[in-house]
Amino acid sequence: MALWRALRPIVALFLAERRFALLSGALLAAATVLASIALLGLSGWFITATAIAGLSSALALAFDVFAPAAAIRFLALTRTAARYGERLTTHDATLSVLAGLREQLFRGWARPEAARILLRRPAKLLFRLTADIDALDSLYLRVLVPAAVALCTALAVAAALGLMHPLLGFGVGSWLLLAGLGIPLVAARYAKAPSRRRSHALEMLRSHTIDLVAGQTDLAMTGRLAAQRNVVKAADRRLARVDDALNWIETAVNAGFGAASAILLGGTLYAVAALANAGVIGGPVAALGLFIALAALEPFAGLRRGAMELGRTILAAGRIGPSLTPAAPPAARVSPRAGLAVQLIDVTIRHAGAPLPSLESLSLSLVQGERLALIGASGAGKSTILALIAQEIAAEAGHAASLPVALLTQKTELFQDSLRDNLRLADPSANDARLLHVLTAAGLADFVRTLPTGLDTMLGEGGLGLSGGQARRLALARLLLRDTPLWLLDEPTEGLDGDTARDVLQRLTGQMQGKSVVIATHIRREAMIADRLLILERGRIIGAPRRGEQDFAAALAALRPD
């Protein structure tokens with residue numbers, strides 16, 4: 001039952017995406033195997049019958065070699081065509097389904113809070129997109145298709161040998177089901193724990209390696225580089241031990257199929273010899289039965305890989321399956337009452353696992369065109385308020401309403417793409433003239449004009465190729481492209497040198513005409529542009545001085561200087 005619960009969302013996705021192609025692939029796989037068995041059996045019959053016919057000139061003249069030869073050619077061509085079609089169809093369908101699965105995962109991670117949670121563990125996100133999804137191709141290619149083909153083979157072989165003698169067909173069919181399915185099931189049971197451990201060990205190895213590569217500078221400065229290398233080595237050793245365990249199980253499975261095939265072949269040889277000696281069948285038919293038995297277990301051996309990877313597949317399905325549940329559509333943005341840009345009434349927010357709420361019974365209003373600065377110690381709730389207004393998180397209690405927003409976060413997210421496409425994330429319909437206009441406003445247009453390929457210049461991962469100040473200006477240009485009535489700024493000049501920070505802030509201020517602004521900061525120069533300060537402490541408002549009041553100047557003086 002637990003197995004079906006884990007696999008049900010994945011199977012449903014497979015059927016919903018490419019049902020006809022998946023069914024066609026299974027049928028072509030069955031046709032390939034049956035054509036191979038028939039070809040081997042008919043070839044054995046033909047060689048034996050030809051040899052017997054050659055013992056007598058009368059029989060040789062009467063023997064029809066053309067029909068069997070034509071049937072052999074037909075089966076050979078059928079097997080080749082079916083094999084090609086099966087590989088093409090099954091792999092195309094599987095890759096298509098996995099592509100759809102990746103898309104669904106991306107959509108799931110775009111939901112409020114999901115991306116924020118996953119970015120705390122980027123190695124986990126990478127593993128879900130790569131190894132976990134790749135593990136699911138085993139479900140169709142190495143479990144479902146081979147199992148369907150093996151069952152069809154058992155029925156076909158039992159029927160063919162049953163025409164020679166019912167007991168022979170029943171015995172061979174029973175042995176195929178008992179040994180052919182029993183060995184993979186036993187292997188799956190013993191390999192389940194090692195394959196799950198292998199998946200965890202591989203994830204830990206990748207995670208530690210990413211930490212080593214991405215954080216090597218910090219590790220070297222703190223003297224932890226050698227320790228991190230030892231952690232990677234230990235993870236690699238754990239992976240090697242699990243691989244050894246799986247290799248032993250796979251060796252035992254191969255030996256089991258070898259023994260089962262030998263028993264089947266020996267038993268069939270004894271049975272057809274007895275039937276031939278009793279005159280029930282002739283020598284060529286006996287050879288036909290023997291060669292059919294010789295190839296009968298081959299399709300069941302195809303389940304070996306699927307059985308060895310079943311634990312890993314179930315683990316991946318259990319991890320990914322919950323993300324495939326259709327999410328409730330995001331709540332429509334609630335507009336505040338007339339004249340307000342933001343309206344929060346008795347809002348309470350508690351992050352998952354936190355003992356205390358991040359915001360508790362908090363209320364605030366922002367008049368359209370007003371500039372508000374959120375100040376307070378780290379953890380006071382500044383970023384939580386911005387996330388709430390941006391609808392990245394939902395309130396546990398209370399009412400939240402705002403005008404359409406554009407959010408400028410502390411970290412500038414840039415991608416390995418052209419300057420143009422990095423900008424057009426904010427407005428896909430923007431033409432080059434508009435892009436250059438916002439770049440001019442952000443103070444980056446002159447730099448872009450000096451580049452040989454201009455807006456087509458490719459950035460490296462994370463915006464490699466731009467300085468910190470240039471990356472921040474690009475983020476500012478992207479903000480200007482959004483053209484929303486409400487801006488949310490989270491420490492917009494943090495990490496910049498003084499001259500660059502002042503220039504970026506001056507350009508931001510120059511574009512704020514008619515905008516409502518909420519800025520989270522602990523830097524004096526950023527708070528100075530506000531009309532009102534909101535002083536936060538442990539998710540509560542402890543002060544809200546306005547410009548011109550004595551408390552306003554005192555609160556500014558307490559902030560970090562430029």
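Coordinate-derived values only; no laboratory data. The structure presented is a predicted model; accordingly, all values stated were derived computationally and were not measured. Backbone-built Cβ (ideal geometry, glycine too); neighbour counts: all protein chains shown.
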Handout entry: Whole-Hz couplings from phi, Karplus 6.51/-1.76/1.60, listed for the stretch 133-150; x for Gly and Pro
Key = 5, 4, 5, 6, 5, 5, 4, 8, 6, 10, 10, 5, 5, x, 5, 5, 5, 5
Fill in the blank from the handout: Reviewing (i) 34.8, 124; (ii) 47.6, 161; (iii) 34.2, 114, the figure for Rg and Dmax of the Cα atoms in Å actually calculated from this model sits under (i)
Fill in the blank from the handout: Length gained, Phe106-Gln513, 0.36 nm per residue minus C-alpha separation, equals 142.9 nm
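As a footprinting exposure proxy, order Lys192, Lys411 by other Cβ within 10 Å, with the fewest listed first. Spell out each step's value before the answer.
Numbers: Lys192 17, Lys411 13.
Result, fewest neighbours first: Lys411, Lys192.
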Fill in the blank from the handout: Karplus ³J(HN,Hα) for the stretch 39-48 (6.51 cos²θ - 1.76 cosθ + 1.60, θ = phi - 60°; Hz, whole; x = Gly/Pro) runs 5, 5, x, 5, 5, x, 4, 5, 5, 5
Practice task
Across the chain, how many lysine pairs, 8 or more positions apart or on different chains, have C-alpha atoms separated by under 29 Å? Please give the number.
Solution key: 8
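Which percentage, to the nearest 5, of the DSSP beta bridges contained in the chain is antiparallel?
45
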Problem - Charge context of Leu489, other residues only, Cβ under 12 angstrom, K/R +1, D/E -1 - result: 0
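Using a 10 Å cut-off on Cβ atoms, rank the peptides 230-242, 88-100, 22-34 from the highest mean neighbour count down.
Values: 230-242: 15.2, 88-100: 17.4, 22-34: 20.9.
The most tightly packed comes first, giving 22-34, 88-100, 230-242.
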Exercise for the section: Could I have the simple spin-label model distance between Ala226 and Gln550, label points 7 Å from Cα toward Cβ, reported in nm to one decimal? Expected result: 6.1
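For the chain, what does -39500 (n - 2.57) per DSSP helix run (n ≥ 4), summed and divided by total residues, give at 222 nm, in deg cm²/dmol to the nearest 500? Before the final figure, lay out the partial values.
Values: 20 runs with 347 residues, N = 562.
Dividing the helical sum by the residues of the chain leaves -21000 deg cm²/dmol.
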Exercise for the section: Calculate the length of the line joining the C-alpha centroid of the stretch 186-223 to that of the stretch 531-562, in whole Å. Expected result: 47
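Highest mean first, how do 295-304, 488-497, 460-469 rank when packing is the count of other Cβ atoms within 10 Å averaged over residues?
Details: 295-304: 23.1, 488-497: 19.4, 460-469: 15.1.
Highest-to-lowest ranking by the protection proxy: 295-304, 488-497, 460-469.
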Handout entry: Cα-based helix-to-principal-axis angle, 303-320 vs the chain, degrees rounded to 10
Key = 20
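Restricting to Cα pairs below 8 Å that are 6+ residues apart, what does the relative contact order work out to for the chain? Please round to a whole percent.
Details: 796 pairs, mean separation 82.9, N = 562.
Relative CO of the chain lands at 15 percent.
What ranking do Ser138, Ser516 get, fewest neighbouring Cβ atoms within 10 angstrom at the top? Provide the component values of the computation, followed by the final result.
Working: Ser138 20, Ser516 23.
Placing the least packed residue first, the sequence is Ser138, Ser516.
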Practice task
Tell me which residues come under 5 Å, amide H to amide H, from Glu537 once H is placed; ignore anything under 5 positions away on its chain.
Solution key: Ile542
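Residues with beta-carbon under 12 Å from that of Glu537, excluding Glu537: net charge, scoring Lys, Arg +1 and Asp, Glu -1? Spell out each step's value before the answer.
Values: positive: Lys382, Arg538, Arg540; negative: Glu360.
Counting the neighbours of Glu537, the net charge comes to +2.
What's the exposure ranking of Met512, Met308, going from fewest to most Cβ atoms within 10 Å?
On the way: Met512 14, Met308 25.
Lowest count first: Met512, Met308.
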Handout entry: Full-stretch length increase - Glu461, Ala377 - with 0.36 nm per residue and alpha-carbon distance subtracted
Key = 27.0 nm
